[in-house]
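Below is the structure I would like to discuss, written out as structure tokens.
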Amino acid sequence: MEKTLEGKKILLGITGSISAYKSIEFLRELQKRGADVYAAVTPHGLKFVPELVLKTLSGHEVYKEVVPENSPEIRHTTLGSIVDLFIIAPATANTIAKIVCGIADNPVTATALVTGKGIICPAMNVNMYNNPATLKNIEILKERGYLIVDSEEGELACGVKGKGRLADIEKIVQVVEFYFIPDFLKGKKVLITAGPTREYIDPVRFISNPSSGKMGYALAEMAVAAGADVILVSGKTYLKSPYGLNFVEVETVEEMRKAVFDNLDGTDIFISAAAVGDFTPVRVADEKIKKTEEGIVLKLKRTPDIVSEVVASGKAKTVLGFAAETENLIENARKKLSKKKLDFIVANNVKNGIFGSDNTSCIVIGKNLEKELSGTKREVALSILKAVSGTKV
């Protein structure tokens, strides 16, 4: 597990929602990523999550009383000053209303009044969520600078279907990771292609490549974290689309080309991370080709060069391409940079195979830039985005 939250102190606020049981899983996921997690729980929250469980897993005393009888410590001020992030998951309609009004009658609301910021994850009955008072309160918290991980639609504990479920734990964890990344791409539109393409021979066979799409997805995820408006155009992969972006799935090169140009207007950064097939069959059989002793001869033609067409269109302010090479890495990458008139290129040595790995090493090359990067694909993706945007953070 990548230690994306190493050294971070996080205070988890738990309130009286049936989804409070998920807070245990959430706490463990934060710890797996290196976070030191404390817990603050309302009296109603303790009815769903035992104090002993939270104390044992977190390794800290649970903050359960605003004024404890056995300690002179004012914990909401102490914890509020030492933690890097305060997150309430789940946050009931009642808790949200109290925070808006500045009420501090339990450990969670008292801490919220001290910190005045953090992440709030609403969870409640659909009618409570849709009540104008709740919707207004959520908007007020957004205006005050809280980050809201909104409720999701689905079947609720009461058996009713609608909006009010606690957001997926994986999504909340991703938002926490993003919280600590500077939004150096805020206001920018980033269009990214990722994954392999498929060129069909007949209805059941196609030409493709082993690209996992992980690098393109990591770039998309980190661009969202950096505040960009992101569109990810992806070939078929087994990966789950990152949260917070516009996802377009395609198969063929022509489908990818169309999706790119449908979304290209106003693009600040275009990143061509897809492993686009160079050739496609001249003719696609309408029916499955039968096996014969003689075999078949497959005639191929070139596919459109999407990144070159993007450059020629002038619709993207900055264009980044990728070069997968087996020899003369930098020399061949610089030739591609010049020939395609790219602003930047990422050079990978694929001789020993890099597809599917969670780690990578590469060289980012620009007109006045040549920088070696290595690490997890998410770490490298963030460094690439910083280099491309000229960010010094």
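The values are calculated or read from the model by the stated rules, or taken from the named source; none is laboratory data. Note that the structure is predicted; figures quoted are calculated from it, not measured. Glycine also receives a Cβ, built like all others from the backbone with ideal geometry; neighbour counts cover every protein chain displayed. For the accessible areas, the whole protein counts, side chains as well, though only heavy atoms, and no ligand, DNA or RNA atoms are used. Shrake-Rupley method; radii C 1.70, N 1.55, O 1.52, S 1.80 Å.
Mind listing whichever residues of the range 138-169 are among the charged types (D, E, K, R) and touching a residue at least 60 places away in the same chain (Cβ under 8 Å)?
165, the sole residue that qualifies.
Return only the number of the condition from (1) surrounded by 17 or more Cβ atoms within 10 Å (Cβ to Cβ); (2) over 25 Å from the mean Cα position of the chain (by Cα); (3) at pLDDT below 95; (4) within 23 Å of residue 387 (Cα to Cα) that residue 342 does not satisfy.
Condition (3) is where residue 342 drops out.
Next question, about the same structure. Does residue 43 satisfy the condition of being more than 22 Å from residue 151 (Cβ to Cβ), surrounded by fewer than 19 Cβ atoms within 10 Å (Cβ to Cβ) and in contact (Cβ under 8 Å) with a residue 12 or more places away in the chain? So that I can check it myself, show each step before the final result.
On the way: more than 22 Å from residue 151 (Cβ to Cβ): yes; surrounded by fewer than 19 Cβ atoms within 10 Å (Cβ to Cβ): yes; in contact (Cβ under 8 Å) with a residue 12 or more places away in the chain: yes.
When the stated conditions are applied, residue 43 passes them.
Output yes when any residue across the range 360-382 is outside any helix (DSSP H, G or I) and touching a residue at least 60 places away in the same chain (Cβ under 8 Å), and no when none is.
yes
If you scan the range 205-218, which residues turn out to be of a type in the set (A, V, I, L, M, F, W, C), surrounded by 24 or more Cβ atoms within 10 Å (Cβ to Cβ) and either more than 30 Å from residue 117 (Cα to Cα) or more than 17 Å from the chain's Cα centre (by Cα) (or both)? Walk me through how you get there before you give the answer.
Pass one, the range 205-218, residues of a type in the set (A, V, I, L, M, F, W, C): 206-207, 215, 218.
Now drop any that are not surrounded by 24 or more Cβ atoms within 10 Å (Cβ to Cβ), which leaves 215, 218.
Result: 215, single match.
Hey, can you tell me all the residues within the range 238-262 that are more than 18 Å from residue 307 (Cα to Cα) and of a type in the set (Lys, Arg)?
240
Look through the range 225-242, keep the residues that are in contact with a strand residue (DSSP E or B) (Cβ under 8 Å, 6 or more places away or on another chain) and part of a loop (DSSP other than H, G, I, E, B), and return whichever of them is most open to solvent (accessible area, probe 1.4 Å).
236
Quickly run through the range 243-273 and pick out the residues that are in a loop (DSSP other than H, G, I, E, B) and over 16 Å from residue 315 (Cβ atoms). Spell out how you get there, then give the answer.
Of the range 243-273, the ones in a loop (DSSP other than H, G, I, E, B) are 243-245, 250-252, 263-266, 273.
Listed by number, the residues that qualify are 243, 244, 245, 250, 251, 252, 273.
Within the range 164-204, track down each residue that is open to solvent by 20 Å² or more (accessible area, probe 1.4 Å) and part of a loop (DSSP other than H, G, I, E, B).
The answer is 168, 180, 181, 182, 183, 184, 186, 187, 188, 198, 203, 204.
Answer yes if at least one residue in the range 253-267 is at pLDDT 95 or above, under 17 Å from the mean Cα position of the chain (by Cα) and either over 21 Å from residue 364 (Cα atoms) or of a type outside the set (A, V, I, L, M) (or both), and no otherwise.
Checking the range 253-267: not a single residue is at pLDDT 95 or above, under 17 Å from the mean Cα position of the chain (by Cα) and either over 21 Å from residue 364 (Cα atoms) or of a type outside the set (A, V, I, L, M) (or both).
Sort through 159, 164, 118, 154 and tell me the only one that's on the phi > 0 side of the Ramachandran plot and out of contact with any strand residue (DSSP E or B) (no Cβ under 8 Å at 6 or more places or on another chain).
Numbers: 164 fails: out of contact with any strand residue (DSSP E or B) (no Cβ under 8 Å at 6 or more places or on another chain); 118 fails: out of contact with any strand residue (DSSP E or B) (no Cβ under 8 Å at 6 or more places or on another chain); 154 fails: out of contact with any strand residue (DSSP E or B) (no Cβ under 8 Å at 6 or more places or on another chain).
Just one listed residue meets the conditions, 159.
With respect to residue 249, determine if the residue is under 25 Å from the mean Cα position of the chain (by Cα), surrounded by fewer than 21 Cβ atoms within 10 Å (Cβ to Cβ), free of Cβ contacts under 8 Å to residues at least 60 places away in the same chain and under 23 Å from residue 214 (Cβ atoms).
The answer is yes for residue 249.
Scan the range 103-162 residue by residue and report those that are in a strand (DSSP E or B) and not basic (Lys, Arg). So that I can check it myself, show each step before the final result.
Of all residues in the range 103-162, those in a strand (DSSP E or B) come to 119-122, 147-148, 152-155, 161-162.
Residues satisfying the conditions are 119, 120, 121, 122, 147, 148, 152, 153, 154, 155, 162.
Further question: Between a residue in the range 266-293 that is without any contact (Cβ under 8 Å) to a residue 40 or more places away in the chain and any residue that is of a type outside the set (A, V, I, L, M) and surrounded by 13 or more Cβ atoms within 10 Å (Cβ to Cβ), which pairs come within a Cβ distance under 8 Å, given they are 6 or more apart or on different chains?
The qualifying pairs are 278/303.
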